[in-house]
């Protein structure tokens, strides 16, 4: 039927932006926010293990806030909130990266804290007994081991973050889900059958995210295997 | 208007919205519990085919964003359901379905982990007493598994509270959507969102406390996870 | 009969004066003092929980004592201004649970201290590490990771790690207590070799055969103080304290005697 062919054409054309605009944007946001989360999360995690009490409390407070507020609300705060209340106009992408990045930092700080604490205390003792300063001991003995222990939970965090970027479509960031919304609008304009094409659009959108999650996890799994120390097992917890 | 006057004005609306958020959370995690447990039991005890199907479901719903799932359910399915005579979902129903299906996938994995962590000796002991598989699961495995799963389940509850905000995309007036509407109406965007944020944080903290309390009440001395069973 | 290094004992390398340490209500060290000369091997024995390990840890400040002073040669370790890392580089420590660095091969375990603390160039450090591993009989395990080694091998690598730093003395904290019986021998062999070679050592141990073979002095500790110190012959044949005799008899019963080498 002509209508079906026409509709399928529209569907096909709608997919282009998924690859050309949606995918790169999603990848970009994910990468940026993970970096922000990594740097800040490492600082927070370290402070929680080695820092002095007031700093530790500050970190805990930060975590409570950024792990308690939903990602969407955080995004809206940075975009709408800052713009209308403080007249600080942050571009949509930057708002999303900041909001999700600061939130990820809260989760990553927990990952790093856990990894550091999972390294047996005897390791530090042996390093200090050799005459290493605390800093050297941390750098050459504790961190290499903590790093390996952190990979599985970090992999989980990656998966969670990729999916959270979908919330950015609420403020108009041109990432994957937004492309799907646009495609949905276009396709709905096709009479009769148009509305039936909406589901396929979202199924395809889902495939993109599955590819991103699995692809990323596969890469991280590769990294884990490359760095594996024979006999030194890592135990990861299954979290979102 | 000071902040407090503002807060007072919008309070009723926020309260209604919070109730909707809590409803979404309850229905979401509740239905997720039932379906998730079923899926987990299928994964552990059923044959290859059924286990595989359950796995596909779990992988799909864990691997795709909740936003996508909610939009698909709300916009994607109704055109097909019309031919079956089913009315299109209301935003509330669609949100509940999305949250429930999503949560089920995560809970299924937590339950599966907990069940498999219980030493195989427990099942063997139950069966050698003459219990059927189902009896053994009900009376021996699950009581232990459900205690082991509590920490992960608490996590899931907290996630559901926050991710109920996905209903925003379905224009359902839960807390996040309400705060957006209030921001648009009164122009006090930051205060509006911040208030919503505070409400979320308070709910999360209260729930965490409650769950921690429940955990300590339900604890069985000596019930620990036997890693060898994996 | 103790052979040690006989009459040519050198200058005082380690001096401990009045060490006190308390954990909560427990006073674990109640004023311990001792002296160690170059080339001496002293073995510390005593019931569990009498502060033997704590004593060792207080010497290199892994545990900070509440009261008391420690000198390494002329340098006072317990002085506030001392660079403790500098001191620790000269004092070797062998742990009961080895504490080998999990992420490094045996070779790198031994060379890490040389590279990072003594700032040796990598080539020289690795060469030296090879030497030390060969010295403890593990040259062929240079590229193995700790998890791939047996307990006895781990402890020997641990000793090599301490030796590579050219320490003035080595502290051994129950080095064989965590080992399976058949693996104890290989570690004791290395330690006996070190003692006879003139290394200055304090060893906390239950191994009476080892003590009788190489200890210049045996120190008996109980209840946080040193009850008696004397040559193996003195302690075994005519101990001054009743408790010393009791303890030695019980230990010899329980652990038997390893044959003299």
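Out of A:158, A:214, A:209, report the one residue that is closer than 23 Å to residue B:103 by Cα and surrounded by fewer than 16 Cβ atoms within 10 Å (Cβ to Cβ).
Details: A:158 fails: surrounded by fewer than 16 Cβ atoms within 10 Å (Cβ to Cβ); A:209 fails: surrounded by fewer than 16 Cβ atoms within 10 Å (Cβ to Cβ).
Among A:158, A:214, A:209, only A:214 is closer than 23 Å to residue B:103 by Cα and surrounded by fewer than 16 Cβ atoms within 10 Å (Cβ to Cβ).
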Completion exercise
By residue number, the members of the stretch A:69-94 that are in contact with a helix residue (DSSP H, G or I) (Cβ under 6 Å, 6 or more places away or on another chain) and surrounded by fewer than 23 Cβ atoms within 10 Å (Cβ to Cβ) are A:80, A:84, A:85, A:88, A:89, A:90, A:92
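When you scan the stretch A:111-133, how many residues do you find that are closer than 21 Å to residue C:173 by Cβ and touching a helix residue (DSSP H, G or I) at 6+ places or on another chain (Cβ under 7 Å)? I'd like the intermediate steps shown before the answer.
So the first thing to find is which residues in the stretch A:111-133 are closer than 21 Å to residue C:173 by Cβ, and the list is A:119-132.
Checking which are touching a helix residue (DSSP H, G or I) at 6+ places or on another chain (Cβ under 7 Å) leaves us with A:119, A:123-124, A:127-132.
Selection size over the stretch A:111-133: 9.
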Completion exercise
Residues of the stretch A:202-228 being farther than 17 Å from residue A:25 by Cβ, within 10 Å of another protein chain (Cβ to nearest Cβ) and in contact (Cβ under 8 Å) with a residue 60 or more places away in the chain, in sequence order, are A:217, A:227
Practice task
Sort out which residues of the stretch C:111-145 are under 21 Å from the mean Cα position of the chain (by Cα) and under 17 Å from residue C:186 (Cα atoms), and write them in order of number.
Solution key: C:132, C:133, C:134, C:135, C:136, C:137, C:138
Handout entry: Subset of the stretch B:172-198 [surrounded by 21 or more Cβ atoms within 10 Å (Cβ to Cβ) and within 21 Å of the chain's Cα centre (by Cα)]
Key = B:172, B:174, B:175, B:176, B:177, B:196, B:197
Exercise for the section: Would you mind telling me which numbered condition in (1) modelled with pLDDT of 95 or more; (2) farther than 24 Å from residue A:114 by Cβ; (3) touching a helix residue (DSSP H, G or I) at 6+ places or on another chain (Cβ under 7 Å) residue A:211 fails? Expected result: (3)
Exercise for the section: Report, by residue number, each residue of the stretch C:39-50 that is within 20 Å of residue C:20 (Cβ to Cβ) and touching a helix residue (DSSP H, G or I) at 6+ places or on another chain (Cβ under 9 Å). Expected result: C:44, C:46, C:47
Fill in the blank from the handout: Those residues of the stretch C:176-216 which are under 19 Å from residue C:14 (Cα atoms) and free of Cβ contacts under 8 Å to residues at least 60 places away in the same chain amount to C:194, C:197
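Need a quick list: helices (runs of 4 or more DSSP H) entirely within the stretch C:196-260 having at least 3 residues that are closer than 26 Å to residue C:31 by Cβ. Spell out the reasoning first.
Working: elements: C:208-214, C:232-237, C:242-255.
Those helices (runs of 4 or more DSSP H) span C:232-237, C:242-255.
Could you say whether any residue in the stretch B:206-227 is at the interface with chain A (Cβ under 8 Å from one of its Cβ atoms) and either within 30 Å of residue B:123 (Cα to Cα) or at pLDDT 90 or above (or both)? Outline the logic, then answer.
At the first step, the residues of the stretch B:206-227 found to be at the interface with chain A (Cβ under 8 Å from one of its Cβ atoms) are none.
No, every residue in the stretch B:206-227 fails to be at the interface with chain A (Cβ under 8 Å from one of its Cβ atoms) and either within 30 Å of residue B:123 (Cα to Cα) or at pLDDT 90 or above (or both).
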Exercise for the section: Assess whether residue C:61 counts as being under 13 Å from residue C:16 (Cα atoms), assigned to a loop (DSSP other than H, G, I, E, B) and within 13 Å of another protein chain (Cβ to nearest Cβ). Expected result: yes
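Return yes or no: is residue B:116 assigned to a helix (DSSP H, G or I), within 14 Å of chain A (Cβ to nearest Cβ) and under 14 Å from the mean Cα position of the chain (by Cα)? Working first, answer last.
Working: assigned to a helix (DSSP H, G or I): yes; within 14 Å of chain A (Cβ to nearest Cβ): yes; under 14 Å from the mean Cα position of the chain (by Cα): no.
No.
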Practice task
Enumerate the helices (runs of 4 or more DSSP H) found wholly within the stretch A:89-184, keeping only those where 2 or more residues are more than 14 Å from chain C (Cβ to nearest Cβ).
Solution key: A:92-118, A:143-164
Problem - Unmet criterion (only one of (1) touching a strand residue (DSSP E or B) at 6+ places or on another chain (Cβ under 9 Å); (2) closer than 30 Å to residue C:128 by Cα; (3) crowded, with 19+ Cβ neighbours inside 10 Å) for residue C:186 - result: (1)
Practice task
State whether the residues of the stretch C:181-190 include one that is assigned to a loop (DSSP other than H, G, I, E, B), more than 14 Å from chain A (Cβ to nearest Cβ) and either more than 24 Å from residue C:57 (Cβ to Cβ) or in contact with a helix residue (DSSP H, G or I) (Cβ under 9 Å, 6 or more places away or on another chain) (or both).
Solution key: no
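Determine whether residue B:51 is closer than 26 Å to residue B:173 by Cα and either within 13 Å of another protein chain (Cβ to nearest Cβ) or in contact with a helix residue (DSSP H, G or I) (Cβ under 9 Å, 6 or more places away or on another chain) (or both). Spell out the reasoning first.
Working: closer than 26 Å to residue B:173 by Cα: no; either within 13 Å of another protein chain (Cβ to nearest Cβ) or in contact with a helix residue (DSSP H, G or I) (Cβ under 9 Å, 6 or more places away or on another chain) (or both): yes.
No: the conditions fail for residue B:51.
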Problem - Residues located in the stretch B:60-89, provided they are at the interface with chain A (Cβ under 8 Å from one of its Cβ atoms) and more than 25 Å from the chain's Cα centre (by Cα) - result: B:79, B:80
Fill in the blank from the handout: Reported set for the stretch B:122-171 where residues are within 20 Å of the chain's Cα centre (by Cα) and not in a helix (DSSP H, G or I) is B:149
Completion exercise
In the set A:183, A:174, A:150, A:166, the lone residue that is touching a helix residue (DSSP H, G or I) at 6+ places or on another chain (Cβ under 7 Å) and under 30 Å from residue C:115 (Cα atoms) is A:150
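Within the stretch B:139-152, which residues are within 12 Å of chain A (Cβ to nearest Cβ) and surrounded by fewer than 21 Cβ atoms within 10 Å (Cβ to Cβ)?
Start the filter on the stretch B:139-152 by keeping residues that are within 12 Å of chain A (Cβ to nearest Cβ), which leaves B:149, B:151-152.
Listed by number, the residues that qualify are B:151, B:152.
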Problem - the stretch C:83-102, residues that are at the interface with chain A (Cβ under 7 Å from one of its Cβ atoms) and touching a residue at least 40 places away in the same chain (Cβ under 8 Å) - result: C:89, C:93, C:95, C:97, C:99, C:101, C:102
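The values are calculated or read from the model by the stated rules, or taken from the named source; none is laboratory data. Keep in mind it's a predicted model, so treat the numbers as computed, not measured. With ideal geometry, Cβ positions are generated from the backbone for all residues, glycine too; neighbour counts draw on all protein chains shown.
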